[in-house]
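Novice: I have a structure I would like to understand better, so I am pasting it below and will then ask my questions one at a time.
The values are calculated or read from the model by the stated rules, or taken from the named source; none is laboratory data. Keep in mind that this is a model prediction, so the values were computed, not measured. Positions of Cβ are backbone-derived with ideal geometry, glycine not excepted, and every protein chain shown enters the neighbour counts.
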């Protein structure tokens, strides 16, 4: 059995960012299918279904993003990148940040976010981004409180 401080807790996902994509796609595809069926245009019905072929992988990529923590470290898992792990003792700074236009359109980092800057065990600089839209604010406050209780020397950002 693992020691108490090695059990991971995960931030719970807020469904709002996923709904922002799913609701318009669903409305458009259902509308297109309805029109296609009524006008006997199979191409429109096929196009309505094809939209989902493109949307579902994007949703799966977004859903892969997860943050978890123990009493000694925080982890970020995201599609296409190695899992980022920072021990609390290796955290250098925690900041509230917003993305610029390039990051927003590139979907490279969430916005707004809490960014945890530190070093991995290998000494490589690591950044863990905690989205304030993808996860419940109460959970984000809990992880910041856990880090703050261990690292009283760090200034904690105010959540907006």
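Novice: I'd like the full set of residues that are in contact with a helix residue (DSSP H, G or I) (Cβ under 7 Å, 6 or more places away or on another chain) and more than 12 Å from residue 85 (Cα to Cα), limited to segment 59-75.
Specialist: Hits for segment 59-75 are 59, 62, 71.
Novice: Confirm whether residue 30 is free of Cβ contacts under 8 Å to residues at least 24 places away in the same chain, within 20 Å of residue 110 (Cβ to Cβ) and outside the structural domain of residue 142 (by TED's automatic domain parsing). Even if it seems obvious, please write down each step before you answer.
Specialist: Values: free of Cβ contacts under 8 Å to residues at least 24 places away in the same chain: yes; within 20 Å of residue 110 (Cβ to Cβ): no; outside the structural domain of residue 142 (by TED's automatic domain parsing): yes.
No: the conditions fail for residue 30.
Novice: Ok, one more. Counting only residues that are exposed (fewer than 14 other Cβ atoms within 10 Å of the Cβ) and under 17 Å from residue 81 (Cα atoms), which one in segment 122-150 is modelled with the highest pLDDT?
Specialist: 125
Novice: Exactly one condition in (1) surrounded by 12 or more Cβ atoms within 10 Å (Cβ to Cβ); (2) closer than 23 Å to residue 23 by Cα is not met by residue 54; state its number.
Specialist: Exception for residue 54: condition (1).
Novice: Could you tell me whether segment 43-65 includes any residue that is in contact (Cβ under 8 Å) with a residue 60 or more places away in the chain and within 20 Å of residue 147 (Cβ to Cβ)?
Specialist: yes
Novice: Right, something else. If we scan segment 82-95, do we find a residue that is within 21 Å of residue 17 (Cα to Cα), in contact (Cβ under 8 Å) with a residue 24 or more places away in the chain and either out of contact with any helix residue (DSSP H, G or I) (no Cβ under 8 Å at 6 or more places or on another chain) or not in a helix (DSSP H, G or I) (or both)? Talk me through it step by step, then tell me what you get.
Specialist: Start the filter on segment 82-95 by keeping residues that are within 21 Å of residue 17 (Cα to Cα), which leaves none.
Scanning segment 82-95, I find no residue that is within 21 Å of residue 17 (Cα to Cα), in contact (Cβ under 8 Å) with a residue 24 or more places away in the chain and either out of contact with any helix residue (DSSP H, G or I) (no Cβ under 8 Å at 6 or more places or on another chain) or not in a helix (DSSP H, G or I) (or both), so the answer is no.
Novice: Is it the case that segment 3-14 has a residue that's within 22 Å of the chain's Cα centre (by Cα), loosely packed, with under 15 Cβ neighbours inside 10 Å, at pLDDT below 85 and not assigned by TED's automatic domain parsing to the domain that holds residue 112?
Specialist: Yes - at least one qualifying residue is present in segment 3-14.
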